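Worksheet: one structure, shown below.
The values are calculated or read from the model by the stated rules, or taken from the named source; none is laboratory data. Every value quoted in this text rests on a predicted model; they were computed, and no experiment measured them. Here Cβ is always computed from backbone atoms with ideal geometry, including for glycine, and neighbour counts include all displayed protein chains. These accessible areas exclude ligands, DNA and RNA; they are computed on the full protein's heavy atoms, side chains included. Shrake-Rupley method; radii C 1.70, N 1.55, O 1.52, S 1.80 Å.
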Amino acid sequence: MTGPTNDTTNDTPSGAPVTIPTTPTTTAPATEAGRASRPVYRLQGVRKTYTQKNRTVTALTDVDLTIPQGQLVAIQGPTGGGKSTLLQMLGALDRPTSGKVLLGEHDVTELGDRALTDLRATEIGFVFQGFNLIPTLSALENVETAFAGSLANRSKAEVRSRATAALQEVGLGERLDHLPAELSGGQQQRVAIARALVKDPSVLLADEPTGALDESTRDEITAIIEKQWRERGLTVVIVTHDSWVAKRAERRLRIEQGRVREL
């Protein structure tokens, strides 16, 4: 990622400073050496249509896309251009009308519903603009929900330990017992990031993760995602309208009228 010319440090209410790297970086994720031979995503001729008010709408048109392991990709485009549909394909939340979506060696288009659920639970972390936290659960309990379903065989002690560590990693070690309503918007998004990453996924998909935040908090959240990308060697795909966020990515794509092109 690259950014403005000055370094910025923002202090969170919990007292944990978050340093925003704003000069061009040369340190690459540990996975860079294997990128050429280890694509995480391969989309081949992906087309998605659906019916709306008795007419056929084409959301994606013949999308061919490869995303190597450990790459940080930003996707931009106008409203209705296909960004959300593409993210649903990458997240194994929907299947294409035609074409193939491969995540590693898994052909998403061929998997059954249970297999797709297991794939999402183990391989993909999701972060959304709206945080999607359960209001009656504490920050710690919200992160622990990541271990439901196919990950429910973990011991209670392991789940509690990993959730605590994840929240400490995003600077919320002193907010474990706080409900979402007792946290700022930026803190709630930190909880959502911790919940997405606590299960050690290979992919992080973020849909407008800074869209509901002010500029200062946006910078903090972007820095946290960048830090996790570099330290974990994650493959990260961010859908954003914010050009400042997009310009910090390694690779930028634009999708318009269902077609993807490089920027």
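Which shape class applies to the range 68-149: rounded if a/c is under 1.5, otherwise prolate when a/b exceeds b/c and oblate if not, where a ≥ b ≥ c are the square roots of the Cα gyration tensor eigenvalues?
Here the range 68-149 falls in the oblate category.
How big is the charge dipole of the chain about its Cα centre, in debye rounded to the nearest 20, if each Lys and Arg gets +1 on its Cβ and each Asp and Glu gets -1 on its Cβ? Could the numbers behind the result be given before it?
Details: 31 positive and 32 negative charges, 174 e Å.
Dipole size: approximately 840 debye.
Just to make sure I understand: if all protein chains stay in place, what is the order of 100, 83 by accessible area at 1.4 Å, largest first? Please list the in-between numbers first.
Details: 100 80, 83 15 Å².
Ranking 100, 83 by accessible area, largest first, yields 100, 83.
Among all stretches of the chain without exposed GluC sites (Glu not before Pro) (DSSP loop, at most 16 other Cβ atoms within 10 Å), which one is longest?
1-104
Stretch residue 100-residue 216 to full length: gain in nm at 0.36 nm per residue minus the Cα-Cα span? List each step's numbers first, then the result.
Details: separation 116, 0.36 × 116 = 41.76 nm, distance 3.97 nm.
Using 0.36 nm per residue and subtracting the Cα-Cα distance, I get 37.8 nm.
So for the chain, Kirkwood radius off the Cα pairs, Stokes-Einstein at 37 °C and 0.692 mPa s: how many µm² s⁻¹?
Approximately 172 µm²/s, per Stokes-Einstein.
Any idea what the dipole of the range 123-263 comes to, in debye rounded to 20, about its Cα centre with Lys/Arg Cβ at +1 and Asp/Glu Cβ at -1? Don't skip to the end; give the middle numbers.
Working: 19 positive and 21 negative charges, 94 e Å.
Roughly 440 debye for the range 123-263.
Which value at 222 nm does the chain reach when only helices count, each DSSP H run of 4 or more adding -39,500 (n - 2.57), with the total divided by all residues and rounded to the nearest 500 deg cm²/dmol? Mind showing how you got there, number by number?
Details: 7 runs with 74 residues, N = 263.
Estimated from H runs of four or more residues: -8500 deg cm²/dmol.
Cα centroid distance between the range 47-125 and the range 210-227, in Å?
Distance between centres, Cα-based: 25 Å.
Tally up the carbon and sulfur contribution to the accessible surface of the chain as a whole percent, 1.4 Å probe, everything protein left in place.
Taking all protein chains in place, the chain shows 47 percent carbon and sulfur surface.
Given the pairs 48/156; 53/199; 100/199, which span a C-alpha to C-alpha distance of over 31 angstrom in this model?
48/156; 53/199
Write down the Å³ per residue value for the convex hull defined by the alpha carbon atoms of the range 188-263. Mind showing how you got there, number by number?
On the way: hull volume 7.6 nm³, N = 76.
Value for the range 188-263: 100 Å³ per residue.
Taking only protein heavy atoms and a 1.4 Å probe, what accessible area per residue, in Å², does the range 39-173 have with all protein chains in place?
Ligands and nucleic acids excluded, the figure is 47 Å² per residue.
Give me the base-10 log of I(q)/I(0) for the range 149-196 at each q in 0.13, 0.27 Å⁻¹, Debye formula, one uniform scatterer per Cα, rounded to two decimals.
-0.31, -1.01
Charges on Cβ only, +1 for Lys and Arg, -1 for Asp and Glu, centred on the Cα centroid of the chain; of 161, 54, 76, which one is farthest towards the dipole's positive end?
Result: 54.
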